[in-house]
Amino acid sequence: SATNAKLDSAVKAVKEGGIVVLPTDSCYAFVADVNSKEAVQRIYALKNIDPETKKPLSLLCHSISQISDYTSGMQSKAAFKILKSTLPGPYTYILPASNKLPRMILEHKEHKKVWKRKEIGVRVPDDPVCQEFLKLIGNPVLCSSVPIDTETNKLAVEGSEIERAWAHRVDFIIDNGAHSAD
């Protein structure tokens, strides 16, 4: 299991603008500081995503209250109820972004029409290691699933696959065994 020392190193790496691979409840994910333009661009590069046509990354949050800080989608009682009954869990909710989020992660030339309303996907993963990381770092992080093969976009589910494919290209990996969405 991931030790505190590993988690501390992962938190430090992200705070310094690095990219970390973390287990979530559905797959492994690249995570980056929401305010680090460089780290965000590195995730796009790692995944061979053209930054001009990029789809936005999601936000990993520790709690629903954190979601309400970074989005403005929780005004309705109904929305809050749905989130409360399903999170933590392997769901991504698309909500209007609040102005706490840097503009660079919300601007998409290609998706101008779609993203006019500046939305972001938010998640509260049901994974103890990921939860502990999010608690330690104290703010949401951007995330994107880790492919084993950027050609086929097959997702990485085994920590050992990640070590082989990505160790030389990211700053820190927390290997917590097999993680898959099924």
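Filtering segment 141-150 to residues that are crowded, with 20+ Cβ neighbours inside 10 Å and under 17 Å from residue 165 (Cβ atoms) leaves 144, 146, 147. Residues in segment 58-103 that are among the aromatic types (Phe, Trp, Tyr) and closer than 19 Å to residue 133 by Cα: 70, 91.
Hey, could you check segment 117-150 for residues that are of a type in the set (Val, Ile, Thr) and assigned to a loop (DSSP other than H, G, I, E, B) and say which is modelled with the lowest pLDDT?
Let us first name the residues in segment 117-150 that are of a type in the set (Val, Ile, Thr), namely 120, 122, 124, 129, 137, 141, 146, 148, 150.
With the extra rule that they be assigned to a loop (DSSP other than H, G, I, E, B), the set shrinks to 124, 146, 150.
On the way: 124: 97, 146: 88, 150: 66.
In this case the residue turns out to be 150.
Every residue in segment 127-169 that is among the charged types (D, E, K, R) and either over 14 Å from residue 14 (Cβ atoms) or more than 17 Å from the chain's Cα centre (by Cα) (or both), please. First the steps, then the outcome.
Taking segment 127-169 and keeping what is among the charged types (D, E, K, R), we get 127, 132, 135, 149, 151, 154, 158, 161, 163-164, 169.
Matches in segment 127-169: 127, 149, 151, 154, 158, 161, 163, 164, 169.
Yes/no matrix, rows are residues, columns are (1) surrounded by fewer than 17 Cβ atoms within 10 Å (Cβ to Cβ); (2) among the hydroxyl-bearing types (Ser, Thr, Tyr); (3) under 22 Å from residue 3 (Cβ atoms); (4) modelled with pLDDT of 90 or more:
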residue	(1), (2), (3), (4)
86	yes, yes, no, yes
98	yes, yes, no, no
152	yes, yes, no, no
163	yes, no, yes, no
171	no, no, yes, yes
176	no, no, yes, no
179	no, no, yes, no
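Close contacts from segment 51-78, counting a first residue that is small (Gly, Ala, Ser) and a second that is assigned to a loop (DSSP other than H, G, I, E, B) and modelled with pLDDT under 90, with Cβ to Cβ under 6 Å and a gap of 6+ residues or different chains, come to 68/74; 72/98.
Scanning segment 8-35 for residues that are surrounded by fewer than 21 Cβ atoms within 10 Å (Cβ to Cβ), more than 13 Å from residue 58 (Cβ to Cβ) and of a type outside the set (Asp, Glu) gives 9, 11, 12, 13, 15, 17, 18, 35. With respect to the conditions (1) more than 19 Å from residue 35 (Cα to Cα); (2) loosely packed, with under 15 Cβ neighbours inside 10 Å; (3) not polar (S, T, N, Q), residue 138 falls short on a single one, namely (1).
The values are calculated or read from the model by the stated rules, or taken from the named source; none is laboratory data. This is a predicted model, so every value here is computed, not measured. Neighbour counts are summed over all protein chains in view; Cβ atoms, including those assigned to glycine, are modelled from backbone coordinates with ideal geometry.
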